[in-house]
1. Ratio of Rg to Rh for the range 1-104, alpha carbon only, Kirkwood?
2. If you place +1 on the Cβ of every Lys and Arg, -1 on the Cβ of every Asp and Glu, and leave all else neutral, what size is the dipole of the chain about its Cα centre, to the nearest 20 Debye?
3. Rounded to a whole number, what is D in µm²/s for the range 166-287 from Stokes-Einstein with the Kirkwood radius over alpha-carbon pairs (10 °C, 1.306 mPa s)?
4. With only alpha-carbon atoms counted, please give the Rg and Dmax of the chain, in Å.
5. Using the Karplus curve 6.51 cos²θ - 1.76 cosθ + 1.60 with θ = phi - 60°, work out ³J(HN,Hα) for each residue of the range 233-246 in order, rounded to whole Hz, and write x for Gly and Pro.
6. Sequence-distant or interchain residues sharing an amide H contact under 5 Å with R190, placed H: which?
7. Could you run the Karplus curve 6.51 cos²θ - 1.76 cosθ + 1.60 with θ = phi - 60° over the range 265-271 and give me ³J(HN,Hα) per residue in whole Hz, x for Gly and Pro?
8. Can you compute the equivalent ellipsoid semi-axes for the range 51-178, i.e. the square root of 5 times each eigenvalue of the Cα gyration tensor, sorted largest first and rounded to whole Å?
Amino acid sequence: MLTKGHAGVALLPGLLALPEVDTLSGRDFLALLVVGYEIATRAGIALHATSPDYHTSGAWNALGMAAVAARLRGVDTETLHHALGIAEFYGPRSQMMRCIDHPTMLKDGSGWGAMTGLSAALLAEDGFTGAPALTVTSPQALATWHDLGERWYVHEQYFKAYPVCRWAQPAVEAVLALAGEIRDPARISRIEIVTFHEGKRLHVTHPETTEQAQYSLPWSVACALGRGTVDVAGVCDELDAPDLKALAGKVEIREDDAFNARFPAERWARARLHLDSGKVLESPDLEARGNPDSPLTDAEVLAKYQALAQPVLGERAARLRDVVMSLETRPASDLLALLGAP
């Protein structure tokens, strides 16, 4: 939560790009992924605690990728420090809220973070210098790193239930909590969402692209009320759906000081649905599902995977699922074989 971003989106593809992975056991592959999560997550927390601007994930997941690549390639401690320093210096310190206010394909800077981190490790190995990485070694950052190897941040990650920005998902849960009391969503005259400031910034009402839809709280709420969920079709194929556009146009967002004070460690929202009869339905205060204290079930995670992968991969999706779920007892090459073009 405190990173306000994403680690795995850089670590997994970056790790898969290294040819040495083909010789690893699945267990060692998973261990490297865990190491990457620990370094990237802590680098993100340290960066946000020491920088006045809110940078995208690429600014800090680059350090996780550099650490993983350096470990896999067996470099010494000094080379590792240079790799981390290069990754920190060259990492894309792009402004995250620009992507919130103007959603585009830039997303979270993660792709460039992956490339920067991988390049940093290879440069350091060739003698290119870049130490120190201040988000790791500065006195202001030491509190973030003192329990490395004792506290495991990989256990504190979350899964997103829906393919939209996490900040919109408390509002989705809030309206879904009331959906059973509404037979016809068209009878809703006004939708009030109370949330935190960053969630309010997800302001696009009628998205014209999938990027705008993924960063739109009104559209996410409209999909939840109009379709009973928020899925890929809602943020890709139904952007012209008249009923969804009508619902999105009824959404009003305001921020709450108490919710603001809880962010980023917690993200909350509540909903009030005003019906044309004059009745008002109000939800409790809710967080998004998928947090460590309210996790998705294994069945929900697998169902989400299947819904996303099956239309793209066909029967290969089931084989890939089975390999991933048993990867600890397999060679990593089993995974690589399924990820390549058929």
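Each reported figure results from applying straightforward, stated rules to the coordinates on display, with no laboratory input. Here the structure is a predicted model, which is why all the values come from computation and not from measurement. Using ideal geometry, Cβ is built from the backbone for each residue, glycine included, and neighbour counts are taken over all protein chains shown.
1. We get a ratio of 1.00 for the range 1-104.
2. In debye, rounded to 20, the chain gives about 480.
3. Once the numbers are plugged in, D ends up at 114 µm²/s.
4. Here Rg and the maximum Cα pair distance are 21.5, 72 Å.
5. The phi angles translate into 4, x, 9, 10, 9, 10, 5, 9, 5, x, 5, 5, 5, 5 Hz.
6. HN-HN under 5 Å from R190: H274.
7. Going residue by residue, I get 4, 9, 10, 10, 7, 9, 10 Hz, with x marking Gly and Pro.
8. 31, 17, 14
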